[in-house]
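Notes follow the structure.
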Amino acid sequence: MLIDTHAHIYSEEFLHDVDEVLQRAYDNDVKKIILPNIDSGTVKRLLDLNDAYPHLCFPLMGLHPTSVSADFREELEAVEYWLGKRSFYGVGEIGIDLYWDRTFLKEQQDAFRYQIKLAKLHNLPIVIHVRDSFEEVYTIVQEEQDGTLQGVFHCFSGDKSEAQKVIDLGFLLGIGGVVTFKNNQLAEVVKSVPLRHVVLETDAPYLSPVPKRGNRNESAYIIYVAQEVAKIYDISVREVAEITSENARRLFRI
Ligand code: NI
């Protein structure tokens, strides 16, 4: 069994064939899919999918850093409302993204810290989005780590010393399609990390692994990530599936 720990299958890209996409995932041994939220505009489709596939689709609640702008207080109120109203498996995705825009850095930091506090309050793990922002994210997580905080650095793409910092925080590394790309530095970094600190993810519809690169990504393609990770550690795909699924099950309590 494989677990896709990060997929936006509820997004518009899947509007017309989400049932087929989920069937393909299931047929390819992807038995659980974690769905991180983006913002108040995606909640309905996220929850509809959870209602339709309660044993396959596990929702997270959170405000994505690229959706943090001047109105972020209202967005956070929505996150807080939903966390009190329904069952979620984590808070995400949250974090800091400085790739596109630094305008709302302060707001992104505030929103991140606030949602970490919500995660602690609800005793939930967090799924962190980091883009050109490792130091900013690391500083906050380190300050907030009181021994109870757990989570994933999703789509991890840092170097060996950053990987070690993540592990020392007690967090897992989310590894996806990037590890299959030609000339990527990530394989060497992954090799330096014991597999018990790794979970697999697609980030569908983005970041399709080779040989699907350039196409819309979907959860069934996580097998290509698992195969690459098996090559890196020189172990069987079955072993990769077992260990990373156990890591994911333990973290998200699924
Ligand atoms: Ni994502």
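The values are calculated or read from the model by the stated rules, or taken from the named source; none is laboratory data. This one's a predicted model, so the numbers in the text were calculated from it and none came from an experiment. Please note: Cβ atoms are built from the backbone with ideal geometry, for glycine as well, and neighbour counts cover all protein chains shown. Accessible surface is based on the protein model in full, side chains and every heavy atom, while ligands, DNA and RNA are left aside. Shrake-Rupley method; radii C 1.70, N 1.55, O 1.52, S 1.80 Å.
Quick test for you: out of VAL193, VAL189, VAL179, pick the one residue that is more than 17 Å from the chain's Cα centre (by Cα), at pLDDT 95 or above, crowded, with 22+ Cβ neighbours inside 10 Å and among the β-branched types (Val, Ile, Thr).
VAL189
Hey, any hits in segment 219-233 for a residue that's over 18 Å from PHE153 (Cβ atoms), within 14 Å of the ligand (Cβ to nearest atom) and either open to solvent by 70 Å² or more (accessible area, probe 1.4 Å) or part of a helix (DSSP H, G or I) (or both)?
Checked against the condition, which is being over 18 Å from PHE153 (Cβ atoms), within 14 Å of the ligand (Cβ to nearest atom) and either open to solvent by 70 Å² or more (accessible area, probe 1.4 Å) or part of a helix (DSSP H, G or I) (or both), segment 219-233 yields at least one hit.
Would you mind stating whether ILE254 is in a helix (DSSP H, G or I), surrounded by fewer than 21 Cβ atoms within 10 Å (Cβ to Cβ) and more than 15 Å from the ligand (Cβ to nearest atom)?
Criteria not met by ILE254.
Restricting attention to segment 126-166, which residues are open to solvent by 40 Å² or more (accessible area, probe 1.4 Å), within 16 Å of the ligand (Cβ to nearest atom) and either in a loop (DSSP other than H, G, I, E, B) or at positive phi (or both)?
Within segment 126-166, ASP132, SER157 meet the criteria.
Limited to segment 16-49, what total is found for residues that are assigned to a strand (DSSP E or B) and either touching a Phe, Trp or Tyr at 6+ places or on another chain (Cβ under 8 Å) or within 15 Å of the ligand (Cβ to nearest atom) (or both)?
So the count comes out to 4.
What is the one condition in (1) more than 15 Å from the ligand (Cβ to nearest atom); (2) surrounded by fewer than 17 Cβ atoms within 10 Å (Cβ to Cβ); (3) in contact (Cβ under 8 Å) with a residue 24 or more places away in the chain that LEU118 does not satisfy?
The single condition LEU118 does not satisfy is (2).
Please give the number of the condition ASN123 fails out of (1) on the phi > 0 side of the Ramachandran plot; (2) touching a Gly at 6+ places or on another chain (Cβ under 9 Å); (3) surrounded by fewer than 16 Cβ atoms within 10 Å (Cβ to Cβ).
So the condition that ASN123 fails would be (2).
Out of segment 198-207, which residues are surrounded by 22 or more Cβ atoms within 10 Å (Cβ to Cβ) and at negative phi?
Once the filter is applied, which keeps residues that are surrounded by 22 or more Cβ atoms within 10 Å (Cβ to Cβ) and at negative phi, segment 198-207 yields VAL198, VAL199, LEU200, GLU201, THR202, ALA204.
As an exercise: evaluate ALA241 against (1) outside any loop (DSSP other than H, G, I, E, B); (2) touching a Ser or Thr at 6+ places or on another chain (Cβ under 7 Å) and give the number of the one condition it does not meet.
ALA241 satisfies every listed condition except (2).
Please state which of the following conditions ALA111 fails to meet, knowing it meets all the rest: (1) assigned to a helix (DSSP H, G or I); (2) within 27 Å of GLY177 (Cα to Cα); (3) within 16 Å of the ligand (Cβ to nearest atom); (4) not acidic (Asp, Glu).
Going through the list (1) assigned to a helix (DSSP H, G or I); (2) within 27 Å of GLY177 (Cα to Cα); (3) within 16 Å of the ligand (Cβ to nearest atom); (4) not acidic (Asp, Glu), ALA111 breaks only (2).
Pairs needed: first member in segment 131-157, of a type in the set (A, V, I, L, M); second member anywhere, part of a loop (DSSP other than H, G, I, E, B) and within 16 Å of the ligand (Cβ to nearest atom); C-beta distance under 9 Å; at least 6 residues apart or different chains.
Short answer, once both residue conditions are applied: LEU149/PRO125; VAL152/THR5; VAL152/HIS6; VAL152/GLY90; VAL152/PRO125; VAL152/GLU201.
Of the residues in segment 1-15, how many are open to solvent by less than 40 Å² (accessible area, probe 1.4 Å) and either at pLDDT below 95 or within 16 Å of the ligand (Cβ to nearest atom) (or both)?
Total meeting the criteria: 10.
Suppose we keep only residues that are over 20 Å from HIS122 (Cβ atoms) and open to solvent by 10 Å² or more (accessible area, probe 1.4 Å) within segment 75-102. Which one would you say is farthest from the ligand (Cβ to nearest atom)?
ARG102
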